[in-house]
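The next block holds one structure in the form of structure tokens; read it before the comments.
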Amino acid sequence: MKALDVRFARHAAAAAWMKDAGSVIVGVSGGVDSMTLLHLLRFREGPPRIGLHAAHVDHRMREGSGEDAAWLEGICAEWDVPFHLERAPAPVASEAEGRRLRYRFFEEVRGRLGGGAVTMTAHTADDQAETVLFRAARGSGPRGLGGIRAERFPHVVRPLLPFRRAEIEAFAGEQGIPFRDDPTNLDPRWTRNRIRHAVLPALEQAVPGASAALAALADTSRLEGAALEELLDERIAVLSRPGPGPSGAPEAAPDTTSPSGFLLDRRALGALSPPLLTLVLRRAAQRLGGDPGRAATAALVSLVRDLPSGRRVDAGGGIVVENRSGIVAIRCCALRAR
């Protein structure tokens, strides 16, 4: 097997993430994964290196986090990498809060740099397996089982997703890459830590290769999920109907590539099989920013099949679905109020 740096370079070149990037921002915690990613980019061979930056958020979750930030700043100075630091205004209380804070800061740094800057995070294949297992335990469908995407939004990428944590740690040891272990990564209060240190090892012992299989399941789920969404979008386009415009004349059917809402033929919807009807309604709501759970989705199906005209259902995320004289209208609440 080729060395990690060679395979990483080939993977990054094939993905072309840095082709048009004016600069790259690496989200660094100081742990082995993010420090290895920073090292791979800083000391890569080939064309002149792009503008490389490191961004770190001090979550203030424990004593000594400020010392870690100072240590990290020193390493970046040695490597001639500009360092950007954000300190949480108060200790972070949850994993979700910390995630929001990090990505918000990464986007702020990216905005300051401009020029098509790209943010990279150091998620690995093991992180992928943990995410898929967690979501499966919560009953996620294909979208959730797709796990961590290689690209998040237009400018956030995860170039280490194909690589296992063990090979990253081995490479870091061979290269003498400095890193610090964060004690909070062992704290059993956090769900991900319990999955990482207890649940997944037990599963791997019972079913050897389970971690790799879970990471592969994410790839399969994303592929099949994308195909399903494409087919559902085609069906939504067929079901879409024009509605009355401001003057009473028919308006064009909604733009199904970037819709502000949908007007769907209720009779045609009702003729769909229950599974297909469920998925079409959920997909239409999701495209508008909603995320109906099981109860809301069941209510949407009931609205189409059983409820009289004039009834409405809250699909979550500010999306309202109404039954209007043969038309099922799916719109944002803000649009409806105008």
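Just a yes or no: is a residue in segment 83-101 of a type in the set (A, V, I, L, M), touching a strand residue (DSSP E or B) at 6+ places or on another chain (Cβ under 7 Å), closer than 23 Å to Ala12 by Cα and not in a helix (DSSP H, G or I)? Within segment 83-101, not a single residue is of a type in the set (A, V, I, L, M), touching a strand residue (DSSP E or B) at 6+ places or on another chain (Cβ under 7 Å), closer than 23 Å to Ala12 by Cα and not in a helix (DSSP H, G or I). Within segment 296-336, if we keep just the residues that are among the basic types (Lys, Arg) and assigned to a strand (DSSP E or B), the residue that is nearest to Ile236 (Cα to Cα) turns out to be Arg331. Among the residues of segment 293-338, those identified as closer than 18 Å to Arg266 by Cβ and at pLDDT below 85 are Asp306, Leu307, Pro308, Ser309, Gly310, Arg311, Arg312, Val313, Ala315, Arg324, Ser325, Arg336.
Considering segment 174-201, the residues that are outside any loop (DSSP other than H, G, I, E, B) and without any contact (Cβ under 8 Å) to a residue 60 or more places away in the chain include one that is farthest from Ala213 (Cα to Cα), namely Glu174. Which residue, of Arg102, Arg138, Arg112, is surrounded by 13 or more Cβ atoms within 10 Å (Cβ to Cβ) and not hydrophobic (A, V, I, L, M, F, W, C)? After applying the criteria, what remains is Arg102. Might you check whether a residue that is under 20 Å from Glu107 (Cα atoms), buried (at least 16 other Cβ atoms within 10 Å of the Cβ) and charged (D, E, K, R) occurs anywhere in segment 38-51? No: segment 38-51 contains no residue that is under 20 Å from Glu107 (Cα atoms), buried (at least 16 other Cβ atoms within 10 Å of the Cβ) and charged (D, E, K, R).
The values are calculated or read from the model by the stated rules, or taken from the named source; none is laboratory data. Computed from a prediction, not measured in an experiment: that's the story for all the values here. With ideal geometry, Cβ positions are generated from the backbone for all residues, glycine too; neighbour counts draw on all protein chains shown.
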